[in-house]
Amino acid sequence: MCPFCRGGFVQGDRTRACAGCGARHHRECLADHGGCAVFGCQGGEGLMSDAWTIDPDDPVPIGDQIVYRVLYAIARGVYRPGDKLPTVREVAARLKVNPNTVSKAYRDLERDGVLDSRRGTGVFVEEGALEVALERRQALVLERFERAVNEALEAGLSAAEVQEVLLEALGQAARARKDEVVLRDVEELTRSPLARWAGKRAGRRGKTQ
């Protein structure tokens, strides 16, 4: 059984064993985890990004951060319909937060038709969760981008300069995450006619100021 999603292994599953304790994980689960999901094991820590993290300095409430993490994981295919999620206690222990906070996040997701809580069994991903997760992800990311773009426009940046800043930020994030796929996409976008036009416009605007 995978210690992260609590799902069993079937023939054809891609798995990976922890270098520390030897516990096998689904590769898809491990790709969304910062290390071994066995509580207390430090094996493999730091190899991958961790979906089960929160930022205490983020103005977004911790409960909402947990909701977003679950939605993003479902949207990315880490969790699929029927998959079992970690228990409230496991998530609370990992994040070092009050179990009531995790429980409320799970209840909110259950109310939205994303999760299904089964007494005595656990919390599972609902059949229609992917569609909901994709829609919510789009809305959440768009809302954050709108705030950033509004701030850029308030600062006096032109549309061309906003695009240039966005490509630069995307490149920096991809390098920090060591995401070669996104880096290649950024390089292609930077070479596109629209990006070159935006760069020229931004350069001309800078000279006239």
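Quick note: the coordinates plus some simple rules give every number you see, no bench work behind them. The shown structure was predicted, so the numbers you read here are calculated from the model rather than taken from an experiment. Using ideal geometry, Cβ is built from the backbone for each residue, glycine included, and neighbour counts are taken over all protein chains shown.
So the values come out like this:
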{"item": "Highest-first arrangement of 108-114, 61-67, where packing means the average Cβ count within 10 Å", "result": "61-67, 108-114"}
{"item": "FRET efficiency estimate (nearest 0.05) - Cβ-Cβ, VAL149 to THR190, R0 22 angstrom", "result": "0.70"}
{"item": "Gain upon complete extension [ASP55, ARG119; 0.36 nm per residue less C-alpha separation]", "result": "20.0 nm"}
{"item": "Pairwise FRET efficiency - GLN138 versus MET1, Cβ, R0 = 35 Å, nearest 0.05", "result": "0.60"}
{"item": "Order by protection proxy (mean Cβ within 10 Å, highest first), peptides 115-128, 160-173, 138-151", "result": "160-173, 115-128, 138-151"}
